[in-house]
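Colleague: Below you'll find the structure I mean.
Nothing in this text is a laboratory measurement; each read-out follows from the coordinates by a stated rule. All of these numbers come straight from a predicted model, not from anything done at the bench. Don't worry about glycine lacking a Cβ; one is built from the backbone with ideal geometry, like all the others, and counts go over all protein chains shown.
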Amino acid sequence: MKINFKRLAWVVFIVLYAGLFFYNCLKPFDNWIVPYVYTMMLVVWLAYEYYQKNLFFQSGLIPDTMYFWLPRALFAFFFYSAFVIGIATIIWWPVNQIRLYPVVNIAGILVLAGSIYLRQQAFHKGLADPDKAGRFYVSICVLIFSIALGYGSLFLLVYAAAIGLPLAYWNYLHERKALSDFSDYMKKQGADNTKRADNTKYWDKYLASRVRKPKQK
């Protein structure tokens with residue numbers, strides 16, 4: 001695997017900076033150690049996804065041009081706002097904390113690890129499989145609840161259930177529909193999209209087939 005040294009240097013800088021920043025940010029407050037560990041685990045994982053050029057909240061099973069920008073943008077806003085609320089719970093909103101420190105926070109770390117594992121399993125077999133979208137978005141749902149547990153936030157539990165889950169489901173429905181249509185197209189072409197093969201050329205042909213040609217006068 002070829003190493004992108006510029007991207008790697010930036011990722012290392014971000015992780016080191018985040019480690020120092022959140023240490024100084026959280027240390028003066030009670031019950032900060034386990035949330036700090038959770039924060040750094042999340043930052044390291046996000047940095048890894050960035051290095052791999054992945055958007056953690058979309059699977060990449062369909063071309064970028066096929067993603068619907070609105071649910072994607074709303075989910076990104078939800079996730080990062082949840083992260084900020086989690087940090088704020090430790091600093092400014094201790095009354096919002098679940099009174100089970102550190103058990104619930106350690107559970108958040110374990111749930112985050114489970115989410116990362118489920119994400120990797122979603123891509124273990126084949127390509128462009130509609131069922132993969134379901135497995136991927138299950139990992140996303142697990143991830144958003146890990147934030148609530150990692151920071152021990154009662155509000156985030158409600159926020160994840162009321163806002164996060166519907167947004168994840170919206171993204172899932174859009175992606176599954178796109179994958180199902182592509183699978184139907186592959187069958188008509190006599191190709192097997194369940195094997196490990198480069199489907200780029202099929203995606204290009206499929207996208208071209210969706211573009212309406214102008215009528216000749």
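Colleague: Using alpha carbons only, how many angstrom separate the centre of region 1-61 from the centre of region 93-110?
Modeller: 21
Colleague: In degrees from 0 to 90, rounded to the nearest 10, what is the angle of the helix 69-91 Cα long axis to the longest principal axis of the chain?
Modeller: That helix lies at roughly 10 degrees to the long axis.
Colleague: What ³J(HN,Hα) values, in whole Hz, does the Karplus curve 6.51 cos²θ - 1.76 cosθ + 1.60 give for region 47-58 when θ = phi - 60°, with x put for Gly and Pro?
Modeller: Taking θ as phi minus 60°, the curve returns 5, 4, 5, 5, 4, 7, 6, 10, 8, 4, 9, 9 Hz for region 47-58.
Colleague: Another question, if that's okay. Could you work out the mean projected area of the convex hull around the alpha carbons of region 55-191, in square nanometres to one decimal? Don't skip to the answer; put the middle values down first.
Modeller: Details: hull surface 33.3 nm².
One quarter of the hull surface, i.e. the mean projection, equals 8.3 nm².
Colleague: In this model, which of Lys53/Lys188; Lys6/Lys205; Lys177/Lys205 are farther than 23 Å apart at the alpha-carbon?
Modeller: Long pairs (Cα-Cα over 23 Å): Lys53/Lys188; Lys6/Lys205.
Colleague: Quick check on packing: order 50-58, 112-120 by the mean number of other C-beta atoms within 10 Å, highest mean leading. Provide the component values of the computation, followed by the final result.
Modeller: Numbers: 50-58: 15.4, 112-120: 17.0.
Top of the packing list down: 112-120, 50-58.
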